[in-house]
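Trainee: Mind looking over this structure? Questions follow.
The values are calculated or read from the model by the stated rules, or taken from the named source; none is laboratory data. Predicted model, so just to flag it, every value in this text is computed and none were measured. For the accessible areas, the whole protein counts, side chains as well, though only heavy atoms, and no ligand, DNA or RNA atoms are used. Shrake-Rupley method; radii C 1.70, N 1.55, O 1.52, S 1.80 Å.
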Amino acid sequence: SSFDLLVLDRAMPDMSGDTVAAEVKRKRPDTKVLMLTGFGDLMEQEGKRPAGVDLLLSKPVMADALLAAISNLCA
């Protein structure tokens, strides 16, 4: 199967979002990765975006912010 964008949470059961993002980018480097996390703003300020993540959004995320992020990544 093929996809252009992966939206994931940082805290997930069994495998962290950081691990998933890195693995997706390793296998499909053109896939855009959007990560949702409660610490997105802080992580961006500190320059701690996980490998493979194209954009971080802080939770809770509003629908308009999510749509803008998706539009930006898929433009």
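Trainee: Taking the radius of gyration and the Kirkwood hydrodynamic radius from Cα positions alone, what is the Rg/Rh ratio for the chain, to two decimal places? All intermediate terms of the calculation are to be shown ahead of the outcome.
Mentor: Working: Rg = 11.8 Å, Rh = 12.5 Å.
Taking Rg over the Kirkwood Rh, I get 0.94.
Trainee: Sticking with this structure for a sec: Running a GNM on the chain with Cα contacts under 10 Å, which residue among Ala63, Ala51, Ala21 ends up with the highest mean-square fluctuation?
Mentor: Top of the fluctuation ranking is Ala63.
Trainee: Protein chains only, probe 1.4 Å: how do Leu8, Leu67 rank by accessible area, largest first?
Mentor: Values: Leu8 10, Leu67 115 Å².
Output order, biggest surface exposure first: Leu67, Leu8.
Trainee: May I pose another question? Please report, as a whole percent, how much of the solvent-accessible surface of the chain comes from carbon and sulfur atoms (probe radius 1.4 Å).
Mentor: Carbon plus sulfur share of accessible area: 56 percent.
Trainee: Let me ask another. Just need the relative contact order of the chain here, percent rounded to a whole number, with Cα pairs under 8 Å and 6+ apart.
Mentor: On the way: 101 pairs, mean separation 23.4, N = 75.
About 31 percent, as a whole number.
Trainee: Please give the length that would be gained between Ser2 and Glu44 if that part of the chain were fully extended, namely 0.36 nm times their separation in residues minus their C-alpha to C-alpha distance (nm, one decimal).
Mentor: Once the chain is fully extended between Ser2 and Glu44, it gains 12.2 nm.
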